[in-house]
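**Q** What follows is a single structure, and I will ask about it in a moment.
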Amino acid sequence: MENVLVRTSSTVGESNLHLQITPAYRQDIFFNKRIWKLTLEYIKYKLNSMGIILMAADCGTNHTHIFLANWKNYTIPQIAQAIKGFSSYMMRKNHKSLFIDKLWGEKFWSEGYFYRTVGVVTKESTRFYIEKSQKKHWHALDYEFYKHDKEQKSLLNFSS
């Protein structure tokens, strides 16, 4: 998968997100692949309406992983609420008979979620940028050289 920078009139950047959501009561509803396919279609529809790109999605029997790009205009809680709320409403409205034995009431998803922002920036490259690049913006520095520089001070060598 190629990393692509998104350009607008005033910004250039990348915003990727790994989101994991779980059905209510951690039920194994996605054992039924039809439920997964329908749920995923509703998630795709909602993300598309928000301008968020679905890069990948997969599920286990009782959870789903979603990899998103171009989500910079929203907070993580807004994204989680939007896709969980919309897909829950549509699944309960149109397909409740498929999972009535596993989920009851008005719940489809559990309350929580796992998230991790994802990108090409690592802790090491960020440390490199802070320690070296900020001193001389006009000098291009080689990160590979930096990794092997034994005299380089780390952030831990400085006291506050």
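**Q** Does residue 82 fit the bill of being touching a Lys or Arg at 6+ places or on another chain (Cβ under 7 Å) and assigned by TED's automatic domain parsing to the domain that holds residue 33? Working first, answer last.
**A** Numbers: touching a Lys or Arg at 6+ places or on another chain (Cβ under 7 Å): yes; assigned by TED's automatic domain parsing to the domain that holds residue 33: yes.
Against the criterion (touching a Lys or Arg at 6+ places or on another chain (Cβ under 7 Å) and assigned by TED's automatic domain parsing to the domain that holds residue 33), residue 82 qualifies.
**Q** Find all pairs meeting these conditions: Cβ atoms under 7 angstrom apart; at least six residues apart or on different chains; first residue within the range 11-37 and at positive phi; second residue at pLDDT 95 or above.
**A** Listed pairs, sorted by first residue: 26/110.
**Q** Moving on to the next point. From 97, 88, 110, grab the single residue that is hydroxyl-bearing (Ser, Thr, Tyr), more than 13 Å from residue 40 (Cβ to Cβ) and crowded, with 19+ Cβ neighbours inside 10 Å. It would help to see each step written out before you state the result.
**A** Numbers: 97 fails: crowded, with 19+ Cβ neighbours inside 10 Å; 110 fails: crowded, with 19+ Cβ neighbours inside 10 Å.
Matching residue, one of 97, 88, 110: 88.
**Q** Restricting the search to the range 78-94, which residues are of a type in the set (Gly, Ala, Ser) and touching a strand residue (DSSP E or B) at 6+ places or on another chain (Cβ under 8 Å)? Even if it seems obvious, please write down each step before you answer.
**A** First, the residues of the range 78-94 that are of a type in the set (Gly, Ala, Ser): 80, 82, 85, 87-88.
Within the range 78-94, 80, 87, 88 qualify.
**Q** Go through (1) closer than 24 Å to residue 28 by Cβ; (2) out of contact with any helix residue (DSSP H, G or I) (no Cβ under 6 Å at 6 or more places or on another chain) for residue 77 and report which single condition fails.
**A** (1)
**Q** Of 74, 45, which residue is among the aromatic types (Phe, Trp, Tyr), within 12 Å of the chain's Cα centre (by Cα) and more than 19 Å from residue 110 (Cα to Cα)? It would help to see each step written out before you state the result.
**A** On the way: 45 fails: within 12 Å of the chain's Cα centre (by Cα).
Step by step, each of 74, 45 is checked, and only 74 is among the aromatic types (Phe, Trp, Tyr), within 12 Å of the chain's Cα centre (by Cα) and more than 19 Å from residue 110 (Cα to Cα).
**Q** Could you check how many residues of the range 95-116 are outside any strand (DSSP E or B) and acidic (Asp, Glu)? Steps first, please.
**A** Step one: filter the range 95-116 for residues outside any strand (DSSP E or B), giving 95-108.
With the extra rule that they be acidic (Asp, Glu), the set shrinks to 101, 106.
So the count comes out to 2.
**Q** Sticking with this one: Give 101, 142, 149 a once-over and let me know the one that is out of contact with any Gly (no Cβ under 9 Å at 6 or more places or on another chain) and either at pLDDT 90 or above or in the same structural domain as residue 17 (by TED's automatic domain parsing) (or both). Walk me through how you get there before you give the answer.
**A** Values: 142 fails: either at pLDDT 90 or above or in the same structural domain as residue 17 (by TED's automatic domain parsing) (or both); 149 fails: either at pLDDT 90 or above or in the same structural domain as residue 17 (by TED's automatic domain parsing) (or both).
Result of the check over 101, 142, 149: 101.
**Q** Still on this model: Regarding residue 80, is this residue touching a His at 6+ places or on another chain (Cβ under 8 Å) and small (Gly, Ala, Ser)? Lay out the reasoning, then the answer.
**A** Details: touching a His at 6+ places or on another chain (Cβ under 8 Å): no; small (Gly, Ala, Ser): yes.
No; evaluated as a whole, the condition is false for this residue.
**Q** Would you check which residues across the range 37-71 are surrounded by fewer than 16 Cβ atoms within 10 Å (Cβ to Cβ) and touching an Asp or Glu at 6+ places or on another chain (Cβ under 9 Å) and list them?
**A** Passing the criteria: 60, 61, 65.
The values are calculated or read from the model by the stated rules, or taken from the named source; none is laboratory data. Since this is a predicted model, take the numbers as computed values, not measurements. Ideal geometry is used to build each Cβ from the backbone, glycine not excepted, and the neighbour counts take in all protein chains shown.
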